[in-house]
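Trainee: After the structure tokens below, expect a handful of questions from me.
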Amino acid sequence: MSKEVNVIRLEDYTPPDYLIDEVDLHFDLDPEQTLVRSRLTMRANFDGAEGARPLRLDGRELELRSVRLNGRELSPPQYRLEEEAFVLPRPPREFVLEFETLIHPRGNTSLEGLYESGGNLCTQCEAEGFRKITYYLDRPDVMARFTTTLVADRHDFPVLLSNGNPEAHGEREDGRHWVRWRDPFPKPCYLFALVAGDLAHVEDRFTTCSGREVTLRLHVERHNLHKCAHAMRSLKRAMAWDERVYGREYDLDIYQIVAVDDFNMGAMENKGLNLFNSKFVLASPETATDSDYEHIEGVVAHEYFHNWSGNRVTCRDWFQLSLKEGFTVFRDQQFSADMGSAAVKRIDDVDRLRRYQFPEDAGPLAHPVRPDSYVEINNFYTATVYEKGAEVVRMIHRLLGPEGFRRGSDLYFERHDGQAVTVEEFVRAMEEANGVDLTQFRRWYSQAGTPRIEASDHYDAAAQRYTLTLRQSCPPTPGQPRKLPFHIPVEEGLLDPSGKELHGGTLLELREPEQSFHFEGVPRRPLPSLLRGFTAPVILEYPYDEAQLAFLMAHDGDPFNRWDAAQRLASGIILRLMENRAEGEEYLEQLVEAVRKVQTGPVTDPAFTARLLTLPGEEWLAGQGEEVDPVAIHRARERVRRTLAQRLRGGWAALYEAHRESGPCRLDAEAAGHRSLKNLSLGYLMALEDEEVRRGCLEQFTGSDNMTDTLAALRLLADCDCPQRQPALDAFYGQWCEDPLVVDKWFSIQAASSLPDTLERVQALLRHPAFNLRNPNRVRALIGAFSQGNPVNFHRPDGAGYRFLADRLLELDPLNPQVAARLATPLTRWRHLEARRRELIRAELERILSAARLSKDLYEVVSKSLA
Ligand code: 7MF
Ligand code: ZN
């Protein structure tokens, strides 16, 4: 590490020396220059007998105009300004500090703090953005009551919003008006928000379980008013669900959501005033896909659930991020499972975990769910903290059962309401409410890496006894060469040769490095179905042969394991074909027959069947091997896809026809399931490279009345070198060029195409008038889709894909370091690649590192990747 960086460590945590009880904020808003006045009512939080301690308030890029202590203006050396702090050497024990600072929203391209988006002003403060607004104790264990007064031009900014309930408003002579908001709940400053703009809204009401009336408002640009219904419906469902399942009621008179086009992340749970990336709010059947609808429901619920898991009970420090994020992701997953098909939801969540979190846990940036150090906290909003954190909460839920978990969550919310706490308090509430000991289980929070379980078995026919032996291990991760054994819940079932369950649903608790479990009275040698429902975030290996996997795929009583068996079967075959091993061909026959069985069998849940027939992703396949060539993986997978297409052509055509809807598009989950199976079938048919199929695909593209079918067809056309390709892409752009969220889909489809000239096309699209490096959605749609969603082209053997990404990172970093650091992820995933590509990536990482001015964000990701 050449650069001097400040490493923040969990072990260094100390409580704040000063607390803030009340904050009075006053904003004189203007895009060029905003005057912020703050009045902080503060007191010492240490024993006075020790003498005074200096007060250090965080602040970044602020222009200090004046500061008063108890009404008296201060000047240096009464205070001191540092690069990122205001220091008062000897404050009294109780005092009022008043600041006047200037900030410049229009010049703020980092989209953190107060910034401008589409002519409106808005804020993003999590994790440490508030310090870019005014001097403050910018840490989550300082909780204060906020009052916020917004003053702005009435014409440009008719709508003025902040946290809490509206209290007063008025007009001024000079064409400006003002609104005052008061939030009665003490909160850390990361939950602060303001919005000023020319926005329209839709309004609804929700009556809480105790009979209180809550006003719900969704603020969007006027031309998007017709795209709000789904988000509003999702919000009301989430509110009712949290009352029913967790006994949690909303607590203010009003709940508002604002859609913003320039937003670094998905959304933000600011108290009473959520800010959303417009992509997770706006939907209409013509412009949004079924998966957009699902994501919107999930994100709206996630942010709403934070009102309790995050806001009423918040985090003591940022090492505890998973306390609110892991728990809230688990809650939104439970909610979505209740709203639709639970089996499909579980498959999608696990698929996501394996695709994003497993590689993180196996790479140079691996860290525990509760990290013990960081350089830039924004880099720790990771799949590990979120998705693995949710799996850890899910394991507690599984170990305690739904009622026990509810007892634990009730105790947690009641005991810690209004507090800033740690993961430890969460686990302890679960323990105490249930009289259990989770000491060993806590290792899930402190040890990184994906544990492996090797399963083996033995059947004693004479004694009718079946013995299952599980051995666990966990690979070394940065800073953690050796691991202690985890407490792992493993649900199992035993199948007899007819497919009947001999024994099912038992939860085995693996605690030792190696442990055997005995099953008595087993009449025949059973086939084990292991880790049903994916009860733990581990890699479980058992020496299944292809016939056994095909059997489980058809007969397992657990739908998740049916899917998992299909994935195992297909992965094994693809990897063997890649290594040119002869038995690959033979096993391919078994896959064809297994797929034929599914194709011709009864379909009860089409969305599930679609998952069952989807081949494992290239990233996941790559993660299975070492010294991997991503191009070879792509070819082997395509080969399997083509074989399934050719051998089962009639079956795919029949499925396609059977799941076509008649009449106008319906938006319910059932209709969406049919579309997913229909479009999967079309995908196989398109692998035939058949002119008639292409015409049919174009017909679907042209004739569709919904974005799901349109986009599925366009994606397939964009992936084939055929005459229909360019006209379809042009027509799509022509129709949707006014809608940036749809244009993003157009960028992504082209960037994800497996055609050989894709990188050159992506480079040309950088100069397209609709592309804008300052907008995170555009960046992710084009550059992100290429580098994260197109392995065969990103990993071009000449290294041009890596060079392209590194160039973009260097351009983006000075504008928006958070997004740049996140976009760098594909360059951190080199460990499993073959030597030449590893070297090419290393060279690009070194080139980035040698750049003159690198942000902390990008520096941390790149330097850790090289270590
Ligand atoms: C659903 O967690 C799941 C995860 C931080 C920003 C939203 O509520 C959030 C914010 C990031 C990454 C993922 C999500 C969020 C953020 C997210 C959104 C919806 N507190 Br960074
Ligand atoms: Zn969250």
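Trainee: For the range 669-803, what % of the accessible area comes from carbon and sulfur atoms, probe 1.4 Å? All intermediate terms of the calculation are to be shown ahead of the outcome.
Mentor: On the way: 2700 of 5150 Å².
Carbon-and-sulfur percentage of accessible area, whole number: 52.
Trainee: Give me the one-decimal nm value for the distance between modelled label points at residue 850 and residue 469, 7 Å along each residue's Cα-to-Cβ direction.
Mentor: With each label placed 7 Å out from Cα toward Cβ, I get 5.4 nm.
Trainee: A follow-up question, please. Once the piece of chain linking residue 415 and residue 836 is laid out straight, how much longer is it, given 0.36 nm per residue of separation minus the C-alpha distance between them?
Mentor: Values: separation 421, 0.36 × 421 = 151.56 nm, distance 5.56 nm.
Computed gain between residue 415 and residue 836 is 146.0 nm.
Trainee: With respect to the cross-link table entries 345/388; 236/745; 345/678; 132/271, which display a Cα-Cα separation exceeding 22 Å?
Mentor: Numbers: 345/388 16 Å; 236/745 28 Å; 345/678 19 Å; 132/271 19 Å.
Too far apart for the 22 Å limit: 236/745.
Trainee: Does the range 566-630 classify as rounded, prolate or oblate by the C-alpha gyration tensor (a ≥ b ≥ c root eigenvalues; a/c under 1.5 gives rounded; else a/b over b/c gives prolate, otherwise oblate)?
Mentor: Working: a/c = 4.26, a/b = 1.61, b/c = 2.65.
Since a/c reaches 1.5 but b/c is at least a/b, the shape of the range 566-630 is classed as oblate.
Trainee: Continuing with the same structure: Taking 0.36 nm per residue of separation and subtracting the Cα-Cα distance, what length does fully extending residue 579 through residue 647 add?
Mentor: Details: separation 68, 0.36 × 68 = 24.48 nm, distance 2.25 nm.
So the extension gain works out to 22.2 nm.
Trainee: Take the Cβ-Cβ distance between residue 85 and residue 446 as r, set R0 to 41 Å, and report the resulting FRET efficiency rounded to the nearest 0.05. All intermediate terms of the calculation are to be shown ahead of the outcome.
Mentor: Numbers: r = 31 Å, r/R0 = 0.76.
It comes to 0.85.
Trainee: Determine the principal axes of the Cα atoms in the chain, then give the extent along each, sorted from largest to smallest and rounded to whole angstroms.
Mentor: Over the chain, Cα extents along the principal axes are 87, 66, 60 Å.
Trainee: What does the charge count near residue 736 come to, summing +1 for each Lys or Arg and -1 for each Asp or Glu among other residues with Cβ under 13 Å from its Cβ? Can you show the working numbers first?
Mentor: On the way: positive: 745; negative: 286, 730, 738, 739, 744.
Surrounding charge for residue 736 is -4.
Trainee: Kirkwood hydrodynamic radius of the range 255-304 from all distinct Cα pairs, in Å?
Mentor: Values: mean 1/r = 0.0915 Å⁻¹.
Result for the range 255-304 stands at 10.9 Å.
Trainee: Related question: Need the full-extension length gain, residue 61 to residue 173, defined as separation in residues times 0.36 nm minus the C-alpha distance. One decimal, nm.
Mentor: So the extension gain works out to 37.1 nm.
Trainee: Using only DSSP helix segments of four residues or longer, with each worth -39500 (n - 2.57), what per-residue ellipticity at 222 nm results for the chain after dividing by its residue count and rounding to 500? Walk me through the numbers before you get to the answer.
Mentor: Details: 28 runs with 336 residues, N = 867.
Using -39500 (n - 2.57) per qualifying helix, the result is -12000 deg cm²/dmol.
Trainee: How would you classify the range 752-867 from its alpha-carbon gyration tensor, with a ≥ b ≥ c the square roots of the eigenvalues: rounded for a/c under 1.5, else prolate if a/b is greater than b/c, otherwise oblate? Could you put the intermediate results ahead of the total?
Mentor: Numbers: a/c = 1.91, a/b = 1.06, b/c = 1.80.
Oblate, since a/c reaches 1.5 and b/c is not below a/b.
Trainee: Cα convex hull of the range 316-415: mean projected area in nm², to one decimal?
Mentor: On the way: hull surface 28.8 nm².
So the Cα hull casts an average projection of 7.2 nm².
The values are calculated or read from the model by the stated rules, or taken from the named source; none is laboratory data. Predicted, not measured: the structure shown is a model, and the values here were computed from it. When we count neighbours, we look across all protein chains shown, and the Cβ atoms used for this are built from the backbone with ideal geometry, even at glycine. Remember, those area values only see protein heavy atoms, side chains included, never the ligands or the DNA or RNA. Shrake-Rupley method; radii C 1.70, N 1.55, O 1.52, S 1.80 Å.
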